[in-house]
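Chemist: Please find one structure pasted underneath; my questions will follow.
The values are calculated or read from the model by the stated rules, or taken from the named source; none is laboratory data. Owing to the predicted nature of the structure, the values given are computational and were not obtained by experimental measurement. With ideal geometry, Cβ positions are generated from the backbone for all residues, glycine too; neighbour counts draw on all protein chains shown.
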Amino acid sequence: MRQKEIAGNLDTGALKLWALIFMIADHAGVRIYKNIPELRMVGRIAFPLYAWCLVVGTVYTRRPLKYALRMFMAAVISQPFYMIALNHGWDQLNILFTLLLGYFAIAGIRIRRNGSHVWAPLAAVLCTEFVKVDYGAMGVVLVILLYLCRERRGALAAGMAIFCLYWGQSSSVVTSLFGYRLTMPGSLTFALYDSKFFGAFFRLQTFALLALPFILMQSKKRTAFPKWAAYAAYPGHLFILWLVQLMMGKTTLSAAKMLLIPWM
């Protein structure tokens, strides 16, 4: 029965590896190579892949409470590394908290107890109005959307396309790609860029749509990726990112101290 419940890629091991690579590229583009916008573009692929892995994990887990507890512990452990690596404060929570809210929403939909299929997703989204998490309400909504569309590839494709085009409207405009200016008058890309429909594709967050082929891909094999390694990879890559910034002189120990202990 669960085989029919998931129409997309079930090889979450491979997806997590790809998501990690794209996330590293994104964070490198944020803190180290700010003059390479393509890193931020490919970085948009990471979150939808993690969101899809959460959907698959929620459907297949036999211990939902343990699954949530493990995610919460990883989120708490990762928070200090998230802060020093990406220059955030305690009031800005990392992506694992976003996924945890998405998990809460999905769990409520699946349980369907005392109207939980209605109030749980609403509560998860509303929570982002009071607690600032990475990707905010849109991140939680994407998790819910992927879960609701999980049984049909066509629904996944349509849902992701519409959502990413809408999501992209609030993000920055992409004006160049691999050194080629997209806004050069008289060029084909400018004609597409200037049109209302195709212009929506030239937004940074719209590039999250590139995650769709990975989600829809049918894979018969299952890539081995231990749970502990998947959780450790997030704070681990953030710590390495911080060390690289430290060695390059892009941050200091005192800056990290100010972020972690602002009251001292």
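Chemist: Please state which of the following conditions residue 145 fails to meet, knowing it meets all the rest: (1) within 24 Å of residue 125 (Cβ to Cβ); (2) at pLDDT below 95.
Modeler: Checking residue 145 against (1) within 24 Å of residue 125 (Cβ to Cβ); (2) at pLDDT below 95, the one that fails is (2).
Chemist: Could you count how many residues in region 5-41 are in contact (Cβ under 8 Å) with a residue 24 or more places away in the chain, part of a helix (DSSP H, G or I) and in contact with an Asp or Glu (Cβ under 7 Å, 6 or more places away or on another chain)?
Modeler: 2
Chemist: Related question: Confirm whether residue 206 is at pLDDT 75 or above, in a loop (DSSP other than H, G, I, E, B) and either over 21 Å from residue 35 (Cβ atoms) or among the charged types (D, E, K, R) (or both).
Modeler: Working: at pLDDT 75 or above: yes; in a loop (DSSP other than H, G, I, E, B): no; either over 21 Å from residue 35 (Cβ atoms) or among the charged types (D, E, K, R) (or both): yes.
It is false that residue 206 is at pLDDT 75 or above, in a loop (DSSP other than H, G, I, E, B) and either over 21 Å from residue 35 (Cβ atoms) or among the charged types (D, E, K, R) (or both).
Chemist: Among the numbered conditions (1) of a type in the set (Ser, Thr, Tyr); (2) farther than 30 Å from residue 166 by Cβ; (3) not in a helix (DSSP H, G or I), tell me where residue 219 comes up short.
Modeler: (2)
Chemist: Still on this model: In this structure, is residue 224 in a loop (DSSP other than H, G, I, E, B) and either closer than 28 Å to residue 68 by Cα or among the charged types (D, E, K, R) (or both)? Spell out how you get there, then give the answer.
Modeler: Values: in a loop (DSSP other than H, G, I, E, B): yes; either closer than 28 Å to residue 68 by Cα or among the charged types (D, E, K, R) (or both): yes.
So residue 224 fits the description; yes.
Chemist: Could you check how many residues of region 146-163 are surrounded by 19 or more Cβ atoms within 10 Å (Cβ to Cβ), free of Cβ contacts under 8 Å to residues at least 60 places away in the same chain and in a helix (DSSP H, G or I)?
Modeler: Pass one, region 146-163, residues surrounded by 19 or more Cβ atoms within 10 Å (Cβ to Cβ): 146-147, 149-150, 156, 160, 163.
Adding the requirement that they be free of Cβ contacts under 8 Å to residues at least 60 places away in the same chain leaves 149, 163.
Subsequent filtering for residues that are in a helix (DSSP H, G or I) retains 163.
Matching residues across region 146-163 total 1.
Chemist: Please determine, by comparing only the residues of region 110-145 that are touching a strand residue (DSSP E or B) at 6+ places or on another chain (Cβ under 9 Å) and in a helix (DSSP H, G or I), which one is surrounded by the most Cβ atoms within 10 Å (Cβ to Cβ). Step through it out loud before you land on a result.
Modeler: Going residue by residue through region 110-145, those that are touching a strand residue (DSSP E or B) at 6+ places or on another chain (Cβ under 9 Å) are 127, 131-134, 139-140.
Then keep just the ones that are in a helix (DSSP H, G or I); that gives 127, 139-140.
Details: 127: 16, 139: 23, 140: 26.
So, considering only residues that are touching a strand residue (DSSP E or B) at 6+ places or on another chain (Cβ under 9 Å) and in a helix (DSSP H, G or I), the one surrounded by the most Cβ atoms within 10 Å (Cβ to Cβ) is 140.
Chemist: For region 85-99, which positions are surrounded by fewer than 22 Cβ atoms within 10 Å (Cβ to Cβ) and in a helix (DSSP H, G or I)? Full working, then the answer.
Modeler: If we filter region 85-99 for residues that are surrounded by fewer than 22 Cβ atoms within 10 Å (Cβ to Cβ), which is where we start, we get 86-92, 95.
The answer is 86, 95.
Chemist: Oh, and also: Filter region 1-55 down to the residues that are β-branched (Val, Ile, Thr) and either over 16 Å from the mean Cα position of the chain (by Cα) or surrounded by fewer than 18 Cβ atoms within 10 Å (Cβ to Cβ) (or both) and list them by number. Step through it out loud before you land on a result.
Modeler: As a first pass, look at region 1-55 and keep what is β-branched (Val, Ile, Thr): 6, 12, 21, 24, 30, 32, 36, 42, 45, 55.
Passing the criteria: 6, 21, 30, 32, 36, 42.
Chemist: I'm trying to understand the selection: among the residues of region 212-227, which are out of contact with any helix residue (DSSP H, G or I) (no Cβ under 8 Å at 6 or more places or on another chain) and modelled with pLDDT of 85 or more?
Modeler: Scanning region 212-227 gives 213, 217.
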